[in-house]
Amino acid sequence: MDEIYDYLSGKTILVTGGGGSIGSELCRQIAGHQPKQLIIFDVYENNAYDIEQELKGKYPGLNLVVLIGSVRDSRRISSVFETYKPDIVYHAAAHKHVPLMETSPCEAIKNNVMGTYKTAYAALKNGCQRFVLISTDKAVNPTNIMGASKRLCEMVIQSVDMISKQDREDLLPLLGRHYEDSEETEQLSEHFAASKNASGRSRRTEFVAVRFGNVLGSNGSVIPLFKKQIAKGGPVTVTHPDIIRYFMTIPEAVSLVLQAGTYAKGGEIFVLDMGAPVKIDTLARNLIKLSGYKPDVDIKIEYTGLRPGEKLYEEKLMAEEGLTKTQNDLIHIGRPIPFDVEKFLGQLETLAEFSYSNSGHICELVKEIVPTYHPAEADLKMHGKVYEELLQEAAVTNQAG
């Protein structure tokens, strides 16, 4: 934790989605490392208010700013960066619920992809030192639009990092309705020119992503749901008897995110070691037992079937990616999959047009941009080698536990 302390101390730090499960824990841990200023940015005022009151009570000397707004609002997010000039950004703002995004795919693209792009754009043009994207294992070979949108977010980060390294801000398109005004486009170009230092280069911004699986106790996760179902006398609903997931506690995941940020050089996708996968069915049965009941006797378990876009297991890495180690055994770096950045930025413009017009063909376009996205193959790997290996690993873990 010493290197994390040294890294965060005295810095102005912005957390988008700062009221959410991951975002609020980021704020808690950052607040304990003496930042110069902590800025919480969230669209949902109730969550933002809750974490604000918690931090004010625990850290009365903290220089805390809480702002309401959406990362989809180009002018709003730009004004935040221009006003506060954050040194470090942790971008946790996102739509995360898989089934909900399946029925509202354009919203997944607007909020996750366009929101990430606009926030990264503002970070670059305002000389931010480091930008850390919170990603997910659902971005690997995605079978749902939420996972595909997070893979697009990773590609956005890698693209903007390349542009930052090569000083090619001229390649960046202005996406969304808020940038249609030609006068504003001219103002933004002038702002970029003014931000150049004496050597003719903007201050380098390092963009990285940190990818991990499910966290225990987050909003909408299975543990709170199972607890509510048990309190009502059941049934406890599990989508499939063989479904498995990787889990980590929120504080542990956030600590590793903060540490991964200290390793960043730009363009990496950090992958957290989530340990062995856990069968959700076993998780439900253990929770019933811990609550003092007998599974299938006192509390029934019902299997409801895989939800839209859901698959039996999540992968930590795409087949094309390899892993390299860091100083921490729980943090690895995936080798980025190469792609044509200029072509991707052009596709991003088309994606913005599709999403803001609420096109019914948004998923087809995403498939063209993300070749690993296969929405119709949610359960085709059920009997595959990878799944069988993970199932065996989960069984060993369950027996040991």
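Please treat every number below as a calculation from the coordinates, not as lab data. This one's a predicted model, so the numbers in the text were calculated from it and none came from an experiment. As a convention, Cβ positions derive from the backbone with ideal geometry for all residues, glycine included, and neighbour counts pool all protein chains shown.
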**Request:** About the Cα centre of the chain, how large is the charge dipole given +1 on each Lys and Arg Cβ and -1 on each Asp and Glu Cβ? Please answer in debye to the nearest 20.
**Result:** 820
**Asked** Which listed residue (7, 172, 32) has the Cα farthest towards the positive end of the charge dipole for the chain, taking +1 on Lys and Arg C-beta and -1 on Asp and Glu C-beta about the Cα centre?
**Response** 32
**Request:** May I ask you to order 148-160, 88-100, 355-367, 293-305 by the average number of other C-beta atoms within 10 Å around their residues, highest value first?
**Result:** 148-160, 88-100, 355-367, 293-305
**Request:** Using only the Cα atoms of the chain, build the gyration tensor, take square roots of its eigenvalues as a ≥ b ≥ c, and label the shape rounded, prolate or oblate: rounded if a/c is under 1.5, else prolate if a/b is larger than b/c, else oblate.
**Result:** prolate
**Fill in**
To the nearest 20 debye, the stretch 218-366 has a Cα-centred charge dipole, built from +1 on Lys and Arg Cβ and -1 on Asp and Glu Cβ, of 860
**Complete:** Between the modelled labels at residue 104 and residue 50 (7 Å from Cα along Cα→Cβ) the distance in nm is 1.8
**Message:** Between residue 4 and residue 68, how high is the FRET efficiency from 1/(1 + (r/R0)^6) when r is the Cβ-Cβ distance and R₀ = 41 Å? Nearest 0.05.
**Reply:** 0.90
**GNM flexibility winner over the chain from 131, 270, 81 (Cα, springs under 10 Å)** = 81
**Request:** Given the peptides 109-121, 239-251, arrange them by the average over their residues of other C-beta atoms within 10 Å, most packed first.
**Result:** 109-121, 239-251
**Message:** Among DSSP bridges having both ends in the chain, what percentage is antiparallel? Round to the nearest 5.
**Reply:** 20
**Prompt:** Mind checking which of 139, 209, 284 has the largest fluctuation in a GNM of the chain, springs on alpha carbons under 10 Å?
**Reply:** 284
**Asked** Among 286, 47, 141, which one shows the biggest mean-square fluctuation in a GNM of the chain, springs joining Cα atoms closer than 10 Å?
**Response** 286
**Item:** MRE, 222 nm, helices only [DSSP H, n ≥ 4, -39500 (n - 2.57), over the chain, to nearest 500]
**Value:** -13500 deg cm²/dmol
**Request:** Using a/c under 1.5 as the rounded threshold, could you call the stretch 38-87 rounded, prolate or oblate? The axes a ≥ b ≥ c are square roots of the C-alpha gyration tensor eigenvalues, and prolate needs a/b larger than b/c, oblate otherwise.
**Result:** oblate
